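> Mind having a look at this structure? Questions to follow.
The values are calculated or read from the model by the stated rules, or taken from the named source; none is laboratory data. This is a predicted model, so every value here is computed, not measured. Please note: Cβ atoms are built from the backbone with ideal geometry, for glycine as well, and neighbour counts cover all protein chains shown. Just the protein is used for accessible areas: all its heavy atoms, side chains included, with ligands, DNA and RNA removed. Shrake-Rupley method; radii C 1.70, N 1.55, O 1.52, S 1.80 Å.
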Amino acid sequence: MVSHLFFYQLVLLGLLWLCCMLHYAWPSGHAADIPRLPQPLPPPRKPPRVPKPFPGLTHQPPCAACAQAAASRPQAPCAPPPRMAPTRGRPRQVDTSQHFCPHPDCAYQGWLGLGNIRANGHPSGGPWRQLYCTSCGGYFQETHGTPLHGKRVAPEKLVWAVGALAEGLGIRAVARVFEVDPNTVLAWLVEVAEHTAVFSQYFLHDVRVTQVQLDELFALLSAVKAGEVSETEAVERLSRSPHWVWAAIDPVTKLLLTVDVGDRTRAMAQRVVHQVVQVLAPDCVPLFLTDGFKEYTTALLAHFGYWVQLPRRQASGPAPKPRWMPLPQLGYAQVIKTVRRRRLVRVSHRVVFGSLAAIEQVLAVHGWHINTAFIERVNLTIRQHVAAVGRRVMTLCKGEEGLHQQLALYHMYYNFCLPHASIRLPLPQPEPTNGSGSAKQWRSQTPAMAAGLTDHVWTLREVLLFRVPPWPQPAGR
Ligand SMILES: [Zn+2]
């Protein structure tokens, strides 16, 4: 009997020990249940793999956009004519410094602030002023060259409708809200998009940034429903269709440098990088961060490279051919995400150009690590603001064209009209509000303000009424 009891106790103890051992030895299963944040994750520190130095290319990678047009930015045909002295008489009440003469035969055509424009009041009680050029004697309306010119619709209605489009309402929805025909809304969108594209181009140039994040997001415009396919499936289905939205931002100022739509190819990567280069100052070579899409490497190399004459290895024989190499100051790292069963399992980094130390130094100024979180956040807002990208099948979007226009509108709206919470500035002194609310602590800023391109938050009405000069104006006017 005693031996039985002893035996049971022994078995019990054994089981207990087994349980304890299992508990410690088992791979921590509960950790896998917690969804991991798709955020900059401190990567497991592996011994650094020494990458082979880039051997260089024997030819410069071609870029269609570079070959096509060196004259993509409009240039003034000649020096501006002299400033006109103010005429005698009553001093002018209306500021006309933001207007220019549109008449092609006039010497003052396209120049701002030369004192040749006079305001004439509102002819026959209309909503817009008439302006007069004292140089050529020509008349024009203050809406000349803007989407509001020659419209019979009330200006406010058009501005609100465009605002609704920019905030992500689809064309059909806008047509219903404002009780107009969908084709009218589409016509407005086309015209406004043209204007906002020129507007953005006028302001976005010679931008100085330290880093650029690039990304592509897939836009499911037809057949396939958003959220029901994985990205890999979408890549397969859409890799030949022009439904990828490409975007580049400066994560510091949040400025959206470019946004475009096209397929997921090398040519498109070239085009996007080319557009970024057009916006940057000529000597600005920022740090680039992208996902693992391999065509960026070629595109960056095409635009940020130079010829290097390698030293001879042997005393005799022909000299080695010159090699096309990345600029020494170019930093480029890829963030590679491994997704399994739609769950992010691993994020790793690959330094492609430049050294890891140099890249980390650029990021350390802001306390960041290598990541593409900011551009991914922007992609989310693009989905919210551009109906054709974010919604399912039903959105009226006439293929790629409509999408181009919605993106051009969003590009301007995001940079110039939408204050961004993360770049607001503290006020030196809190300002009391009119109502009973608490005092205002912050001055809101748009990305364009943070980048020093403009000094105020633009309203949509202001943008739509802005007459974009045909060429850049001399600074300091
Ligand atoms: Zn004139």
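> Accessible area per residue for the range 255-380 in Å², computed with a 1.4 Å probe and the full protein assembly in place, what is it? Write down the numbers at each step before the final one.
Values: 6410 Å² over 126 residues.
So the range 255-380 comes to 51 Å² accessible per residue, rounded to a whole number.
> My understanding is that a pair violates if its Cα-Cα distance is over 31 Å; which of K254/K321; K254/K440; K151/K254; K254/K337 do that in this structure?
Details: K254/K321 42 Å; K254/K440 23 Å; K151/K254 35 Å; K254/K337 23 Å.
From K254/K321; K254/K440; K151/K254; K254/K337, over 31 Å: K254/K321; K151/K254.
> Follow-up. Order the peptides 373-379, 466-472 from the highest to the lowest mean number of other Cβ atoms within 10 Å of their residues.
Values: 373-379: 19.1, 466-472: 17.4.
Taking the mean over residues of other Cβ atoms within 10 Å, the ranking is 373-379, 466-472.
> Here's something else I'd like to know. Rank-order 107-113, 176-182 by packing density, defined as the average count of other C-beta atoms within 10 Å over each peptide's residues, highest first. Don't jump to the answer; show the numbers that get you there.
Values: 107-113: 19.1, 176-182: 12.9.
Ranking the peptides 107-113, 176-182 by packing returns 107-113, 176-182.
> Could you please report the charge total around W307, scoring K, R as +1 and D, E as -1 over all other residues with beta-carbon less than 15 angstrom from its beta-carbon?
Working: positive: K321, R323; negative: none.
Net of charged neighbours comes to +2.
> When you count, for each residue, the other Cβ atoms within 10 Å and take the mean per peptide, how do 159-172, 444-457, 417-430 rank with the highest first?
Working: 159-172: 20.5, 444-457: 18.1, 417-430: 13.0.
My ranking of the peptides, most packed first, is 159-172, 444-457, 417-430.
> Sticking with this one: Count charges around A451 for me, please; just the other residues with Cβ under 10 Å from its Cβ, Lys/Arg as +1, Asp/Glu as -1. Kindly include the intermediate steps, with their values, before the conclusion.
On the way: positive: R208, K254; negative: D250.
Residues close to A451 contribute a combined charge of +1.
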